[in-house]
Structures are given as structure tokens and as C-alpha cells.
Amino acid sequence: MKRSFDIFMLLMLSLLGVALTSCDDSISDPDQYLTQELLVQLTGDLPAKQGILVRAVDDKGMVFSQPTDASGVATFHVPVGIYDITVSHVSTPDNGWRTVYNGSTSNVVVRQDSPATVSLPLATATSSAIIIRELYVGGCQRDDGSGWFYRDKYVIIANNSPERVVLPALCLAIATPYNSYGDNKNYDDQGHLNYENEGFIPAASSIWYFQGENVVFEPWQQRVIALNGAIDHTLTYANSVNLANPDYYCTYDIEHYTSTSAYPSPSELIPTSHYLKAVRYGDQMESAWPLSNTSPAFFIFTPPEGMTPLEFGNDASNVWYDEGRALPTFACRKVPVENILDAVEVFSTSWDEASKRLTASVDVGAVFMTARHGHSVERRIDEQESKRLGHTVYIDTNNSTLDFYEREHCSLKQQ
């Protein structure tokens, strides 16, 4: 028995040695791989074809990247195998907008006997360099535990690119209904928003706009906008935020919105040129902008070409009524989808039901938020692009489910 066991062990050790040698050869000697040329020709409406990065991933997960030449061809020398080819390219901003070029193809076979050539058409979509980085609307707990404080809302808008962006104007808006829960009467019998195919999003009640002819964002610049009191709220509530900062902006137009609890006089640190003004066309009885504390559908836009924010907001020919009720309370303005720079749809974690107000062409998803505890919704970081550009870059897929997450403490509270 012992002799048989010894023979068995010698045999197993020999087999193991062969296996290890085989693995070592395949790993330590990659020059022995059979390689071949792979040519990827990009097609589509490309203003410039050179320098677009093309990725090829084989069935083992190995990744190869090559830029295109002046004719839009990326040339690879890769091991024979089966590849997935992808391209995702974003143009430099033009008047605040970027063009996104996407394309992919699978099961491209690279053989030993001849080069492989692939024609890859690219689909185009528009994307804004100006994004909503963070939205804080849910408020915080009072120091004595007696309830919550919600007059400290803010939004951070950012230039998500290394390019200077000049906008002809910049406006803030909310869609209707103001909350995601409850009965949304703007759906048809087929379960579609009745403006889904009309190419606009309704801006409810009023819009806020930056003063001046142009709004300039330097590379990577971010702007904090106090949506309620532009003061240091931490002096009253330790859990709140300090919005008294000379670099900040604020929504303050006491002639149109008279609530001094929602809009106390801004801190003297904030210059009057940083006050956003309002154009009202909805319910004139409201004393404050009806921005939801739990679940807003918030978006930013530029008016159609040739119009100022004031002209756009006062254009009575552009009216649309929430729920189809032709009353001032339900009056909205139709913002063309192509003019919307960015949007975020927020659902409340306190309610089981929720209805989309933004169409898929603007925002296909939603992010959940818990109100009253200092939470915010913040955009996720694109780690790969951040590493490539050496600066924080945020994900922007027009899908709030993927782009945003619920942050336990709003970012200004961390500072």
C-alpha cells in the first residue's frame, strides 16, 4: 500500500509541475501571443475626428485603448480573439452645451490570417457642461428637538469641464406637482405625461434668474445659491448651515415674494449683484417660492435664443396649465427640452407612491431623499474621468438614479 501511495504522489506532483509550468509560460511570455491589426473606423457627424479614444476589450477582460487619427481610424495591434469595441466622447462646451458621441459593437473577431476592420457609427446627444452638483432642501432638526427647520435650502451649480462657459442667461425652475407623491393629474390613460411628446417641461409658479447679460463659469467653477435665507443659520440652529459668504448667491426679490421668514435680508457679505430675481406668473397669493421640502423636480435652463428671462417669463403665449385647469394658480411656462441644462428628480422616502414629472429626455430616473435630518442629494463622482483630467468630474447621464445619491450630511455642513 505504501509503495502504491508513493507512486501516486509522484504522479500528482509531476502533473502539478506541468500545470504550473504551463501557467508560467502563458503569463511570463506574452510576446509569444499571436497578434494582428485591428482597425476601427468611426462614422457619424463628427466635426473633428482626431484624438477620440477607442476602447477594445477582449473576452478575457484585457483592455486596449487607442486614439483616432485625422480620418477617424483607431489602429490597434492586439492578440487574436473576440472583442467589444466602445467609444464615449464629449466635445468641448459651446455656449454651455456639449455633444456626446457614443458607439459600441460586440463580438468583433480578430484572426491571425488578416487584419480586422470595423466601421463604428456614433450616435449623438447633447449634454450641458453646467450641472446641478448638490441640492439641499429637506432642512434639519432644531437644537431642542422641538421639530425641524427648513428655511436654509441651497443648490450648488457647477461647471463640470475644464473649459470656460459663457451662458446668455441662467434660470432656476421647478416642475409640477411640487411633491412627487399624491395624485399627479398630468398623466393620460396610457400612463404617459401629457406633455411627454410636446418637447417641453412645465416651469411652475415662477422662475429665478441671474442678473446681467451673461453668466460666466470659469473652468470647474461652482456657485452656491441660497434658496432661502442667505444668512448664517448656525447662529440659531447648530445643525443648519452658514449661507453668509461673499462668494455665494441667493434668491431674493422681496417685491415678488414677501415672506421675511423665507427671505430675511441677506447677509451684508453678499453683494446685491449676487441676488437672483424672480418672474412670477402663477399664484400671486404665495409669499414664497413653492420649492418642495421633500421631493422637488428641480431644473436649470437658458431661455430660447433671443429672449431674456424676463421676456420668457412674461410670454403669455407660452402658458401651460397644471392639471389642465386654466386658472392663475396653475399657470406654468413651457421650457423647451433643448434649453434645459440639467435636472434632478427627487422622490421622498416617506411615501410609497411617487410619480415622475420630468420626461425621459431630461431625466429618466429619480433619487430618494429623507427630509428633516440635514440630508441632501449630491452628484456622484466619475472616478475614471477625474483621474484622467486631474480634477473632480461628476457623472452626468441624465438619469438621477445613476447620477445622484442621498448624502447623510449636506456638503456645506462638512466645511
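Go through the stretch 350-391 residue by residue and tally those that are of a type in the set (V, I, T) and either part of a loop (DSSP other than H, G, I, E, B) or more than 14 Å from the chain's Cα centre (by Cα) (or both). It would help to see each step written out before you state the result.
Filtering the stretch 350-391 down to residues of a type in the set (V, I, T) leaves 359, 362, 364, 367, 370, 377, 381.
Then drop every residue that is not either part of a loop (DSSP other than H, G, I, E, B) or more than 14 Å from the chain's Cα centre (by Cα) (or both), which leaves 359, 362, 364, 370.
Total satisfying the criteria: 4.
Only one residue in G324, G374, G282 is modelled with pLDDT under 95, farther than 16 Å from L172 by Cα and of a type in the set (G, A, S). Which one? On inspection, the qualifying residue turns out to be G324.
For G212, the conditions (1) in contact with a helix residue (DSSP H, G or I) (Cβ under 8 Å, 6 or more places away or on another chain); (2) outside any strand (DSSP E or B); (3) modelled with pLDDT of 95 or more are fulfilled apart from (3). If you filter the stretch 220-235 down to residues that are in a loop (DSSP other than H, G, I, E, B) and among the small types (G, A, S), you find that the one that is nearest to S273 (Cα to Cα) is A230.
With the structure loaded, tell me whether T176 is part of a loop (DSSP other than H, G, I, E, B) and of a type in the set (V, I, T) or whether it fails that test.
On the way: part of a loop (DSSP other than H, G, I, E, B): yes; of a type in the set (V, I, T): yes.
When the stated conditions are applied, T176 passes them.
Could you please let me know if V367 is surrounded by 18 or more Cβ atoms within 10 Å (Cβ to Cβ), touching a helix residue (DSSP H, G or I) at 6+ places or on another chain (Cβ under 7 Å), in the same structural domain as Y237 (by TED's automatic domain parsing) and of a type outside the set (K, R)? Yes; evaluated as a whole, the condition is true for this residue.
Each row is one residue, and each column tells you yes or no for (1) of a type in the set (F, W, Y); (2) exposed (fewer than 14 other Cβ atoms within 10 Å of the Cβ); (3) in the same structural domain as T43 (by TED's automatic domain parsing).
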| residue | (1), (2), (3) |
| --- | --- |
| T75 | no, no, yes |
| V80 | no, no, yes |
| D84 | no, no, yes |
| W97 | yes, no, yes |
| Y101 | yes, no, yes |
| V109 | no, yes, yes |
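Checking each residue in the stretch 193-240 for being surrounded by fewer than 19 Cβ atoms within 10 Å (Cβ to Cβ), over 21 Å from the mean Cα position of the chain (by Cα) and among the small types (G, A, S) picks out G212, A238.
Condition check: in the same structural domain as H192 (by TED's automatic domain parsing), of a type in the set (A, V, I, L, M) and modelled with pLDDT of 95 or more. Does L269 satisfy that? The answer is yes for L269.
Evaluate the following for T308: is it in contact with an Asp or Glu (Cβ under 9 Å, 6 or more places away or on another chain), assigned by TED's automatic domain parsing to the domain that holds N197 and among the polar types (S, T, N, Q)? Give the derivation first.
Numbers: in contact with an Asp or Glu (Cβ under 9 Å, 6 or more places away or on another chain): yes; assigned by TED's automatic domain parsing to the domain that holds N197: yes; among the polar types (S, T, N, Q): yes.
It is true that T308 is in contact with an Asp or Glu (Cβ under 9 Å, 6 or more places away or on another chain), assigned by TED's automatic domain parsing to the domain that holds N197 and among the polar types (S, T, N, Q).
Any chance the stretch 130-147 includes a residue that's over 26 Å from the mean Cα position of the chain (by Cα), surrounded by fewer than 17 Cβ atoms within 10 Å (Cβ to Cβ) and not assigned by TED's automatic domain parsing to the domain that holds T260?
Keep residues of the stretch 130-147 that are over 26 Å from the mean Cα position of the chain (by Cα), which gives 141-147.
So of that shortlist, the ones also surrounded by fewer than 17 Cβ atoms within 10 Å (Cβ to Cβ) come out as 142-147.
Now drop any that are not not assigned by TED's automatic domain parsing to the domain that holds T260, which leaves none.
For the stretch 130-147, residues over 26 Å from the mean Cα position of the chain (by Cα), surrounded by fewer than 17 Cβ atoms within 10 Å (Cβ to Cβ) and not assigned by TED's automatic domain parsing to the domain that holds T260: absent.
Residues that are out of contact with any Pro (no Cβ under 9 Å at 6 or more places or on another chain), of a type outside the set (S, T, N, Q) and without any contact (Cβ under 8 Å) to a residue 12 or more places away in the chain are absent from the stretch 152-167.
For the stretch 134-162, the candidate set comprises residues that are touching an Asp or Glu at 6+ places or on another chain (Cβ under 9 Å) and part of a loop (DSSP other than H, G, I, E, B); within that set, the residue that is modelled with the lowest pLDDT is N160. Every condition in (1) over 21 Å from N159 (Cβ atoms); (2) at pLDDT 95 or above; (3) not hydrophobic (A, V, I, L, M, F, W, C) holds for R379 except the one numbered (1).
Here's a check for you: in the stretch 175-205, which residue that is of a type in the set (D, E) and touching a residue at least 12 places away in the same chain (Cβ under 8 Å) is farthest from D363 (Cα to Cα)? Residue satisfying both the conditions and the ranking: E198.
The values are calculated or read from the model by the stated rules, or taken from the named source; none is laboratory data. Keep in mind it's a predicted model, so treat the numbers as computed, not measured. In this analysis, Cβ positions are derived from the backbone assuming ideal geometry, glycine residues included, and neighbour counts consider all displayed protein chains.
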